[in-house]
Amino acid sequence: MRFASCSRCGKSTILIAAFIAASIGAAWSQGEDLPSGREVVDRYVEAIGGEKAIRAVAGQHVTAVFQVPAQGISADMDLYSAPPNKMLIKIEIPAMGSVSTGFDGEVAWSINPMTGPMVLEGRELDQTRQQADYLALLHPDHLIASLETAEKVDFQGQTCYKVKVVTTWEEEYFEYFDVESGLMVGVERTQSSSMGDIPITSIVSDYKEFDGLLVPTKNVQQMMGMEQIITVSEIENIDPDPAMFELPPEIKAMTEGAQ
């Protein structure tokens with residue numbers, strides 16, 4: 001809508017209209033009987049296959065493609081995991097080299113040709129520990145302090161419940177769940193990194209079934225004016241070699257030096 005006048009009266013009319021619209025929207029959200037945050041998450045767990053199926057998952061190998069379209073990057077990505085909380089991610093980027101991140105159950109680390117080897121600490125450690133946890137989809141008490149459904153909103157063209165998540169390390173972020181299907185469609189979160197805190201909007205889609213569980217096979221991450229896209233092609237159950245999750249020599253030397 002265009003307003004021809006920029007007079008004080010015109011501006012006041014616009015402000016009043018905006019205030020009324022905001023008030024009506026707030027009243028609508030407050031008046032609606034929203035499900036609790038736990039109810040939303042429990043419905044999501046059932047929608048993807050149920051708690052029993054999640055707990056039944058053993059070791060996994062996820063094959064994917066990692067892309068940064070604005071920089072012309074397309075790289076093979078492999079994620080290996082083993083319960084309860086071991087993880088290894090490898091990305092082979094042409095003309096740059098191998099980028100890897102891992103968690104052995106205690107130490108979180110990364111090796112990047114641009115930054116070298118690093119032991120992750122503080123919130124980076126907490127976020128990596130959560131990512132590696134096999135029960136993270138359940139939003140368990142050892143990771144999540146509270147869940148609150150803030151409102152019903154439009155997220156990426158879908159009507160969603162916006163759930164405020166507070167972790168046990170006092171981080172707050174928002175998850176979005178489709179009202180109709182119950183599936184998660186996105187997350188708004190600030191990622192801690194060596195470059196500082198980076199606000200990220202993740203959009204997940206293209207759910208496919210792997211061994212009884214629905215998994216989003218596309219993850220678009222919007223950050224710093226760019227997009228990173230992770231597209232999963234295969235998920236297979238494996239019995240990974242425990243040595244796979246041992247600390248790389250350069251990381252082990254750093255942790256021993258810190259003792």
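The values are calculated or read from the model by the stated rules, or taken from the named source; none is laboratory data. Please read these numbers as outputs of a predicted model, since none were measured by experiment. Here Cβ is always computed from backbone atoms with ideal geometry, including for glycine, and neighbour counts include all displayed protein chains.
When restricted to residues that are of a type in the set (A, V, I, L, M, F, W, C), part of a loop (DSSP other than H, G, I, E, B) and modelled with pLDDT of 95 or more, the range 99-123 contains 1. Taking the range 178-204 as the range and being at pLDDT 95 or above and touching a Gly at 6+ places or on another chain (Cβ under 9 Å) as the test, the residues that pass are 201, 202, 203, 204.
Of the residues making up the range 77-99, those that are within 20 Å of the chain's Cα centre (by Cα) and either farther than 23 Å from residue 214 by Cβ or surrounded by fewer than 17 Cβ atoms within 10 Å (Cβ to Cβ) (or both) are 78, 83, 84, 86, 88, 90, 91, 99. Scan the range 191-218 for residues that are farther than 20 Å from residue 112 by Cβ and in a strand (DSSP E or B) and the total you get is 17. Under the condition of being in a loop (DSSP other than H, G, I, E, B), in contact with a Lys or Arg (Cβ under 9 Å, 6 or more places away or on another chain) and charged (D, E, K, R), the residues counted in the range 154-190 number 1. Of 211, 206, all but one fail to be surrounded by 13 or more Cβ atoms within 10 Å (Cβ to Cβ), of a type in the set (D, E, K, R) and farther than 22 Å from residue 100 by Cα; the exception is 211.
Residue by residue, here is whether (1) under 16 Å from the mean Cα position of the chain (by Cα); (2) in contact (Cβ under 8 Å) with a residue 60 or more places away in the chain holds:
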{"residue": "111", "(1), (2)": "no, yes"}
{"residue": "120", "(1), (2)": "no, no"}
{"residue": "157", "(1), (2)": "no, no"}
{"residue": "164", "(1), (2)": "yes, yes"}
{"residue": "180", "(1), (2)": "no, no"}
{"residue": "193", "(1), (2)": "yes, yes"}
